[in-house]
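The values are calculated or read from the model by the stated rules, or taken from the named source; none is laboratory data. The structure presented is a predicted model; accordingly, all values stated were derived computationally and were not measured. Reconstructed Cβ throughout: ideal geometry from the backbone, glycine too, with neighbour counts over all protein chains shown. To get the accessible areas, we keep the full protein, side chains included, count just its heavy atoms, and leave off ligands, DNA and RNA. Shrake-Rupley method; radii C 1.70, N 1.55, O 1.52, S 1.80 Å.
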Amino acid sequence: MFAQRKSGPAALAAALDEQHVMLPATVARRGLRAAASAGADGSALNEAIRRAGKLVTGGVPLDAERLAMLVTAVNERGSAQRGEQVFRRKDQACLTCHAIGGVGGLVGPDLSSIGGAAQVDYLVESVLLPNKIVKENYHSRVVATDEGLILTGIPVQRSDDLLRLRDAEGRVIDIPTSSIEDEGEAASLMPEGLADTLAEDELVDLVRFLSELGKVGPYSLPTAELARRWQMPVPYEGQVAEWYANNGVGSAPLRTSTADWTPIYSTVSGEVPLDDVPAYAVGDEQRRISVLRCQLDVEVGGLVQFSVGAPDGVAVWIDDQRLSGDGAFTTNLGAGVHTVTVEVERTPQRQSVRLERVETPESTLRARWVTGT
């Protein structure tokens, strides 16, 4: 990466300013995370990216008076429901770095129980001033190598021969210790300013959502065995519709070769809102279909049962086998990773997808849903 070269950040910053480059806010935020990975957070490159994306920092200082005002607003008018929507928005990219219930990024701490452990003022500061308080085990290191690279990340493994870092994009970087010329502490991998484009009400709602995580109520993770890490197809124009035209609805799960797949994560309650999932016109174009898939890692084979709630308009496959059932789908699985594909006919009545693995006392099955990014 160009920005990881010792002279790269300054040269790239100059180019952005000289060419008067304008970036969408989502691209600028991604650039800030990449700059953090390159050890350039807080440098001229960081500020040039902010200018290009109009991510203006420092407009309103977080002094004691403003902090107290925000805490009051969170408690009195913050909406956790709206805040979860902010958290899940692609332009905020919160799930790029943080996980809830084990799904999402591994760069920052899992947030499943943060509301039960942290006060609202701490949460406000963590969002707006991520370098003020860095959680233990999430302090990053910046490393200069003999090849002229500057690399930044959170140490995940260290030995006499190897330093392994996880960067701001979640990538794992292996650095031979023999190549390290210099090493020191670095800033948080969450650059300041990522929340600057949020309206105050959006910030208040986001913090209210975080403050409810882990508390008894709707934002406590259910104990049910729910699929949380999903993937959805990202096809070329018309590709999915063409596949259905050739094969028919319900004929077989969509093939990997038909489309690329991108991750999508469930809400805290375990549901995937269908508003977040593309729908494809099929047949006479009066029907619209959405396709999702997830993976189940089976350690010991046996009987497995899935529940999808209301079964109307839903088809479920395990690998290439279509399951039959009326809301509950049962089959036997051997050891290994199996792909579960769910095809949903879009109707005004169906707002989300929820897939639960139901424990059956007579089964020998030991399995877990695949999580992560």
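The figures follow:
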quantity	calculated
Pairs with Cβ under 8 Å, 6+ apart, first in region 300-311 and over 13 Å from Gly336 (Cβ atoms), second at pLDDT below 95 and among the acidic types (Asp, Glu)	Leu303/Glu362; Pro311/Asp326
Residue in region 154-172 that is at pLDDT 85 or above, in contact with a Phe, Trp or Tyr (Cβ under 7 Å, 6 or more places away or on another chain) and under 25 Å from Ile114 (Cα atoms) present	yes
Yes/no for Val291 being under 27 Å from Ile100 (Cβ atoms), surrounded by 13 or more Cβ atoms within 10 Å (Cβ to Cβ) and touching a Ser or Thr at 6+ places or on another chain (Cβ under 8 Å)	yes
Considering residues of region 225-237 that are open to solvent by 30 Å² or more (accessible area, probe 1.4 Å) and not in a strand (DSSP E or B) only, the residue farthest from Ala117 (Cα to Cα)	Glu237
When residues of region 44-82 are limited to those that are assigned to a loop (DSSP other than H, G, I, E, B) and modelled with pLDDT of 75 or more, the one most open to solvent (accessible area, probe 1.4 Å)	Asp63
Residues of region 96-124 that turn out to be part of a helix (DSSP H, G or I) and open to solvent by 30 Å² or more (accessible area, probe 1.4 Å), as a count	6
Subset of region 261-296 [at pLDDT 85 or above, farther than 15 Å from Met232 by Cα and not in a strand (DSSP E or B)]	Thr267, Val268, Ser269, Gly270
Scope region 343-364; condition surrounded by 13 or more Cβ atoms within 10 Å (Cβ to Cβ), among the polar types (S, T, N, Q), in a loop (DSSP other than H, G, I, E, B) and under 26 Å from the mean Cα position of the chain (by Cα); matching residues	none
Matching entry among Glu362, Glu345 (being at pLDDT below 95 and over 28 Å from Gln85 (Cα atoms))	Glu362
Leading residue by the ranking (surrounded by the most Cβ atoms within 10 Å (Cβ to Cβ)) among those in region 125-140 that are assigned to a loop (DSSP other than H, G, I, E, B) and among the polar types (S, T, N, Q)	Ser140
Counted residues, region 103-162 - those being of a type outside the set (A, V, I, L, M), within 27 Å of Val204 (Cα to Cα) and out of contact with any strand residue (DSSP E or B) (no Cβ under 8 Å at 6 or more places or on another chain)	15
Sole residue being aliphatic (A, V, I, L, M) and either touching a Leu at 6+ places or on another chain (Cβ under 6 Å) or surrounded by 19 or more Cβ atoms within 10 Å (Cβ to Cβ) (or both), chosen from Val314, Val277, Val300, Val272	Val272
Meets criteria (aliphatic (A, V, I, L, M) and under 17 Å from Lys90 (Cα atoms)) for Ala195	yes
Members of region 141-150 found to be hydrophobic (A, V, I, L, M, F, W, C) and open to solvent by 10 Å² or more (accessible area, probe 1.4 Å), listed by number	Val142, Ala144, Leu149, Ile150
Residue within region 165-175 that is closer than 30 Å to Glu345 by Cα, β-branched (Val, Ile, Thr) and open to solvent by 30 Å² or more (accessible area, probe 1.4 Å) present	no
Answer residue from region 181-217, given it is among the aliphatic types (A, V, I, L, M) and at pLDDT below 90 and is farthest from Ala44 (Cα to Cα) among those	Ala199
